[in-house]
Amino acid sequence: MLSNFIRAGLSILLLGSGSVWAADGGIPAVQLVTNADGSQSYSVTLQILALMTALTFLPAMLMMMTSFTRIVIVFSILRQALGLQQTPSNQIILGLTLFLTIFIMLPVLEQVNQRAIQPYMQEELAPLDAVKAASLPFREFMLGQTREDDIALFLRISGQTANSPEDVSFWVLMPAFVTSELKTAFQIGFLLFLPFLIIDMVVASVLMAMGMMMLSPIIISLPFKIMFFVLIDGWALIMGTLAASFGI
């Protein structure tokens, strides 16, 4: 499926390169092409410009429209709970979050491929229609993960009304989805923090009872927390919980 995304991008770029270098050696003027059915579409040159502009929003789209936000926050809280400042490193956390996001979002990406990318490559959909078709699976995913209270909050702020989830504007749904993801991530992080906090409290109480108040409890509790996390197979439990929280 990823190869279809790559082929689609290369096809657009190759089409654009052929149109940019015209017979006279110059860049063709902006053209608005009228199709046989009366509809209109922009020239390939403008399509490439729009594509390159849209690519700059990909990092924000990855974080704001997928499971990326919840996963990366949970992993960051877990590292803090363990008391490890640089282990795993930021690169490992981001890489693990990215691939887990792809795993969770794979059904959505497959729907995007079937509804938008393949019809667009077969010239069955215009570019704007393909973008609209591609947004529908993401919209369904975000609606499934967003709390009704958060949607109502942003509807009230924007002054809009919606009689059904389908009537909710995409620009209202996106901040509501991010707000819900932040709430869920911190709830999971709180539950993760509790057992490690208990270990810290027990170690601190024992050290105080022994009169070793000059010794930092963090130094003593760290190996116990790591051993506890390994014995319960913590990474598998956390990844399984995160995937299950999205209905996987």
Inset, instruction - Tell me which of these Pro195 doesn't satisfy, since it passes every other one: (1) more than 30 Å from Met61 (Cβ to Cβ); (2) open to solvent by 50 Å² or more (accessible area, probe 1.4 Å). - result: (2)
Inset, instruction - Can you confirm whether segment 79-98 contains a residue that is open to solvent by less than 40 Å² (accessible area, probe 1.4 Å), under 20 Å from Ser135 (Cβ atoms) and not β-branched (Val, Ile, Thr)? - result: no
Legend entry - All positions within segment 142-167 that are without any contact (Cβ under 8 Å) to a residue 40 or more places away in the chain, out of contact with any Leu (no Cβ under 6 Å at 6 or more places or on another chain) and closer than 19 Å to Gln111 by Cβ: Leu143, Thr146, Glu166
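Identify all residues within segment 149-172 that are closer than 27 Å to Ser76 by Cα and either touching a Lys or Arg at 6+ places or on another chain (Cβ under 7 Å) or surrounded by fewer than 18 Cβ atoms within 10 Å (Cβ to Cβ) (or both); write none if there are none. Don't jump to the end; show me each part of the working.
Restricting attention to segment 149-172, the residues satisfying the condition of being closer than 27 Å to Ser76 by Cα are 149-151.
Hit for segment 149-172 is Asp149, nothing else.
Any chance you could count how many residues in segment 206-222 are open to solvent by 70 Å² or more (accessible area, probe 1.4 Å) and at pLDDT 85 or above?
Taking segment 206-222 and keeping what is open to solvent by 70 Å² or more (accessible area, probe 1.4 Å), we get 206, 208-210, 212-214, 218-219.
Checking the rest, the ones that are also at pLDDT 85 or above come to none.
Number of matching residues: 0.
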Inset, instruction - Of the conditions (1) within 14 Å of the chain's Cα centre (by Cα); (2) in contact (Cβ under 8 Å) with a residue 40 or more places away in the chain, Phe99 clears all except one; give me its number. - result: (2)
Legend entry - Residue that is of a type in the set (A, V, I, L, M), part of a loop (DSSP other than H, G, I, E, B) and either open to solvent by 40 Å² or more (accessible area, probe 1.4 Å) or at pLDDT below 65 (or both), where the choices are Ala36, Ala50: Ala36
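The values are calculated or read from the model by the stated rules, or taken from the named source; none is laboratory data. Please read all numbers here as calculations on a predicted model, not as lab measurements. Heads up, the Cβs are rebuilt from the backbone with ideal geometry, glycines too, and the neighbour counts pull from every protein chain shown. Ligands, DNA and RNA are excluded from the accessible area calculation, which covers all protein heavy atoms including side chains. Shrake-Rupley method; radii C 1.70, N 1.55, O 1.52, S 1.80 Å.
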